[in-house]
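These notes are about the structure you will find just below.
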Amino acid sequence: MNLRAWLALLGALGVAWLAARAARRRAAGTAGGRRFFASPFAGLGVGVLAFFAVVAVAAPVVAPFQPDRQLDIIELVNRGPSWAHPLGTDLYSRDMWSRLVYGARVSLGIGALAMAVALTLGAAVGAAAGYFRRATDVVLMRLVDVGLAMPRLFLLIVAAAVWQHVSLGALILILGVTGWFGTSRLVRAEVLTLRERDFVTAARALGARPGRIIFRHVLPNVASPLLVSAALGIGNVMLTEAALSFLGIGVRPPTASWGNMIADGAGQIVAAPWTTLFPGLAIALVVMALNATGDALRDALAARPSSYEEET
Amino acid sequence: MTEPLLRVRDLRTYFVTERGSGTARAVDGVSFELYPGETLGIVGESGSGKTVTSLSVLRLIPEPPGHIRPGSYIEFEGRNLLTLAPAELRAIRGNQIAMVFQEPMTSLNPVFTVGDQIAEAAIIHQGLSRKAARTRAIEMLTLVGMPDPAERVDHYPHQLSGGMRQRVMIAMALVCHPKVLIADEPTTALDVTIQAQILELLERLQRELGMAIMLITHDLGVVAGTADRVVVMYAGQVVETASTPELFARPRHPYTEGLLAAVPRVDTPREQLRAIPGSVPAATEWPAGCRFHPRCPYAWDKCRTSEPPLLDAGAGHQARCWLVTEPARRSAPA
């Protein structure tokens with residue numbers, strides 16, 4: 001690893017630190033923001049997420065090598081951490097740090113995009129069920145019951161087996177499509193109470209059509225619980241992706257994802273523990289950071305109604 | 001007289017209650033007319049069916065459990081609102097007939113600025129652009145007498161006081177210059193000085209925009225100051241209707257009498273406020289005969305068995321009471 005890569009790493013750390021500090025400073029201006037940062041782990045979580053996000057976006061700058069380049073298949077196989085290779089090299093003499101950096105793109109990207117798919121589906125189904133009730137509600141919620149009753153990993157393995165080769169886009173879709181059931185229940189419960197609120201009747205009295213009422217009046221009021229569930233959900237999706245990749249049916253090699261890096265290293269976990277340790281650590285760090293952020297978000301947003309009344 | 005703008009005929013709105021405890025006949029055969037440019041007061045205690053009547057006009061009754069019975073008829077500009085297709089009905093809501101709700105605290109969406117909410121009807125019905133809608137929202141805020149309209153337009157509901165929010169609600173309702181404004185207890189949630197301001201505002205806007213107002217209230221004081229005619233409701237029915245001066249001078253129904261006697265007056269010192277004994281019965285079991293008879297000081301046998309129709313007492317004054325046919329009984333309360 002050369003000087004440029006070390007500087008880039010330092011730069012990424014600096015940017016993450018600055019981002020977390022800027023977020024904290026901005027948040028200090030509002031009651032909700034202060035509640036968010038009241039938890040000591042919230043700032044840490046935001047920092048960790050910012051760091052990995054910066055690294056993923058700036059991967060070509062931060063990574064010293066191409067992630068799938070075999071550097072020296074004689075001399076550089078399963079080498080431990082050194083100044084040149086801070087996280088060591090793997091069985092195929094690839095630089096672990098570079099793979100971790102590019103793997104962040106894949107793992108974080110899958111987590112975020114699959115969650116976006118799941119949120120969209122969950123919000124749409126939950127809002128329709130909660131707003132229209134009656135037959136719509138019964139049919140959609142029984143569908144959700146069925147979805148929740150099926151073990152997700154099993155569904156994913158079947159999907160992977162049926163289509164043989166699962167492209168990255170398809171993997172995101174599958175993870176998203178199997179991940180919205182809980183969200184839809186959450187949204188439905190919120191919508192059931194919101195639809196009885198006076199401002200919804202007021203919107204109907206103005207001549208708004210159901211679509212407008214759902215999207216403009218009901219769903220924005222569900223945003224905060226949805227945000228919390230998304231933050232917690234991304235970590236879950238990333239773990240599932242890792243599990244799938246570990247089983248060899250997720251992200252296909254040589255594309256690096258944190259899950260298949262662990263799978264690659266599993267064979268020599270005793271001889272070269274760093275090949276599993278570091279991607280495992282990365283997953284654990286990000287998932288913990290997401291959970292800390294999600295918890296802090298929940299604390300900050302859950303308190304909103306009471307503070308709202310204080311102000312009125 | 002001119003043609004009525006809104007004609008309600010035999011409106012029946014029933015609610016099916018859970019666990020089979022019967023059907024609540026919240027509105028049970030209500031008829032009245034609203035003429036262009038007038039203010040019609042609809043008065044009654046809680047549970048008398050005022051709000052359900054107003055919600056029924058725009059078909060805002062939650063269904064289920066509620067439903068408007070076939071045979072009911074609400075005519076607006078020659079069309080029966082009860083048989084309109086949803087899209088036609090939406091074109092009337094907020095555009096021709098608008099509504100101001102009782103609770104300005106909960107009738108505004110907490111996550112949007114008041115400007116967005118005022119502009120909403122204009123965007124829906126007139127297809128205004130965002131920019132034009134914002135300008136219109138500021139105009140409307142100016143019209144309803146909001147201080148600093150250009151600044152308030154970007155405020156969220158929780159940043160405003162109750163009176164200001166009710167002004168916002170009125171601005172929301174009037175943005176498309178409706179012909180009919182239904183105001184459901186627009187001042188109940190406000191304190192007395194703000195009440196007076198809001199009522200004055202409604203009167204001024206009525207003069208400027210020439211709309212008809214259906215003012216629903218339980219407060220006869222509010223009616224006295226603003227309404228041209230009054231409809232008194234009790235137990236889901238119209239029990240008396242007359243012009244405001246006529247009603248206050250010569251109430252024909254004992255219920256109206258009771259309501260008038262219950263209004264505290266500053267000119268006659270009184271130690272205890274008078275109240276009508278008892279309360280409105282449950283809408284699932286209206287009494288047989290005259291629905292007011294259990295609480296009526298004049299009730300006699302006929303009242304317990306046969307239900308009076310709306311009887312004409314002259315000068316456009318109608319009352320649902322047998323006393324109209326036997327005025328002699330009034331002098332001798334049972």
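Is there a residue in region A:181-202 that is modelled with pLDDT under 85 and farther than 20 Å from A:Gly126 by Cα?
yes
For B:Leu60, all conditions in the list (1) surrounded by fewer than 23 Cβ atoms within 10 Å (Cβ to Cβ); (2) within 14 Å of chain A (Cβ to nearest Cβ); (3) more than 29 Å from B:Ser279 (Cα to Cα); (4) out of contact with any Asp or Glu (no Cβ under 8 Å at 6 or more places or on another chain) hold save one; what is the number of the exception?
Tallying (1) surrounded by fewer than 23 Cβ atoms within 10 Å (Cβ to Cβ); (2) within 14 Å of chain A (Cβ to nearest Cβ); (3) more than 29 Å from B:Ser279 (Cα to Cα); (4) out of contact with any Asp or Glu (no Cβ under 8 Å at 6 or more places or on another chain), B:Leu60 fails exactly one: (3).
With out of contact with any Gly (no Cβ under 7 Å at 6 or more places or on another chain), of a type in the set (A, V, I, L, M) and part of a helix (DSSP H, G or I) as the only criterion, which of A:Leu71, A:Leu49 stands out?
Numbers: A:Leu71 fails: part of a helix (DSSP H, G or I).
After ruling out the rest, the residue left standing is A:Leu49.
Sort out which residues of region A:213-223 are over 13 Å from B:Arg93 (Cβ atoms) and either more than 7 Å from chain B (Cβ to nearest Cβ) or hydrophobic (A, V, I, L, M, F, W, C) (or both), and write them in order of number.
A:Ile214, A:Phe215, A:Arg216, A:Val218, A:Leu219, A:Val222, A:Ala223, listed by residue number.
Every residue, every condition in (1) buried (at least 23 other Cβ atoms within 10 Å of the Cβ); (2) in contact with a Lys or Arg (Cβ under 6 Å, 6 or more places away or on another chain); (3) of a type outside the set (Gly, Ala, Ser), yes or no:
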| position | (1), (2), (3) |
| --- | --- |
| B:Gln195 | no, no, yes |
| B:Ile216 | yes, yes, yes |
| B:Gly236 | yes, yes, no |
| B:Pro251 | no, no, yes |
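Looking only at residues that are among the aliphatic types (A, V, I, L, M) and out of contact with any Phe, Trp or Tyr (no Cβ under 8 Å at 6 or more places or on another chain) in region B:69-82, which one is farthest from the other protein chains (Cβ to nearest Cβ)?
B:Ile74
Taking region B:112-129 only, how many residues are more than 28 Å from the chain's Cα centre (by Cα) and within 13 Å of chain A (Cβ to nearest Cβ)?
The qualifying residues number 1.
What number goes with the only condition from (1) modelled with pLDDT of 85 or more; (2) assigned to a strand (DSSP E or B) that B:Thr53 does not pass?
(2)
Tell me, which residue of region A:195-212 that is in contact with a Leu (Cβ under 9 Å, 6 or more places away or on another chain) and part of a helix (DSSP H, G or I) is farthest from the other protein chains (Cβ to nearest Cβ)?
Looking at the filtered set, the residue picked out is A:Val200.
The rows are residues; the columns are (1) in a helix (DSSP H, G or I); (2) touching a strand residue (DSSP E or B) at 6+ places or on another chain (Cβ under 6 Å); (3) closer than 19 Å to B:Ile61 by Cα.
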| position | (1), (2), (3) |
| --- | --- |
| B:Glu3 | no, no, no |
| B:Ala24 | no, yes, yes |
| B:Val27 | no, yes, yes |
| B:Ser31 | no, yes, yes |
| B:Leu40 | no, yes, no |
| B:Glu45 | no, no, no |
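When you look at A:Ala114, is it free of Cβ contacts under 8 Å to residues at least 60 places away in the same chain and within 30 Å of A:Val228 (Cβ to Cβ), yes or no? Break it down stepwise before answering.
Values: free of Cβ contacts under 8 Å to residues at least 60 places away in the same chain: no; within 30 Å of A:Val228 (Cβ to Cβ): yes.
Spelling it out, it is not the case that A:Ala114 is free of Cβ contacts under 8 Å to residues at least 60 places away in the same chain and within 30 Å of A:Val228 (Cβ to Cβ).
What is the residue count in region A:260-304 for residues that are outside any helix (DSSP H, G or I) and either surrounded by fewer than 17 Cβ atoms within 10 Å (Cβ to Cβ) or on the phi > 0 side of the Ramachandran plot (or both)?
Residues of region A:260-304 outside any helix (DSSP H, G or I): A:267-273, A:303.
In the following step, the residues that additionally are either surrounded by fewer than 17 Cβ atoms within 10 Å (Cβ to Cβ) or on the phi > 0 side of the Ramachandran plot (or both) were identified as A:267-271, A:273, A:303.
Counting residues in region A:260-304 that are outside any helix (DSSP H, G or I) and either surrounded by fewer than 17 Cβ atoms within 10 Å (Cβ to Cβ) or on the phi > 0 side of the Ramachandran plot (or both) gives 7.
Inside region B:200-270, counting only helices (runs of 4 or more DSSP H) that do not spill past its ends, which hold 2 or more residues that are of a type in the set (A, V, I, L, M), out of contact with any Ser or Thr (no Cβ under 8 Å at 6 or more places or on another chain) and in contact (Cβ under 8 Å) with a residue 40 or more places away in the chain?
B:254-262
Only one of (1) at positive phi; (2) under 25 Å from the mean Cα position of the chain (by Cα) fails for A:Arg133. Which number is that?
Condition not satisfied by A:Arg133: (2).
Does region A:229-251 contain at least one residue that is in contact with an Asp or Glu (Cβ under 9 Å, 6 or more places away or on another chain) and either more than 30 Å from A:Asn78 (Cβ to Cβ) or within 14 Å of another protein chain (Cβ to nearest Cβ) (or both)?
yes
Does region A:225-259 hold any residues that are touching a Gly at 6+ places or on another chain (Cβ under 9 Å), in a helix (DSSP H, G or I) and farther than 15 Å from A:Leu156 by Cβ, and which are they?
Residues satisfying the conditions are A:Leu226, A:Leu227, A:Val228, A:Ser229, A:Ala230, A:Ala231, A:Leu232, A:Gly233, A:Ile234, A:Gly235, A:Trp258.
Return the only residue of B:Cys321, B:Cys290 being touching a His at 6+ places or on another chain (Cβ under 8 Å), farther than 21 Å from B:Asp219 by Cβ and surrounded by 11 or more Cβ atoms within 10 Å (Cβ to Cβ).
Every option except B:Cys321 fails the conditions.
Check off (1) part of a loop (DSSP other than H, G, I, E, B); (2) under 24 Å from the mean Cα position of the chain (by Cα) for A:Gly29 and give me the number that stays unchecked.
(2)
Given (1) in contact (Cβ under 8 Å) with a residue 60 or more places away in the chain; (2) over 16 Å from the mean Cα position of the chain (by Cα); (3) within 14 Å of chain B (Cβ to nearest Cβ), where does A:Leu226 come up short, assuming only one miss?
If we test A:Leu226 against (1) in contact (Cβ under 8 Å) with a residue 60 or more places away in the chain; (2) over 16 Å from the mean Cα position of the chain (by Cα); (3) within 14 Å of chain B (Cβ to nearest Cβ), just (2) comes out false.
Return the pair list, or none, for Cβ contacts closer than 6 Å from residues in region B:89-111 that are facing another protein chain (nearest Cβ under 7 Å) to residues that are β-branched (Val, Ile, Thr), at least 6 apart or on different chains.
B:Met99/B:Ile182
The values are calculated or read from the model by the stated rules, or taken from the named source; none is laboratory data. Being a predicted model, the structure only gives us computed values, none of them experimental. Neighbour counts run over all protein chains shown; Cβ positions are idealised from the backbone, glycine included.
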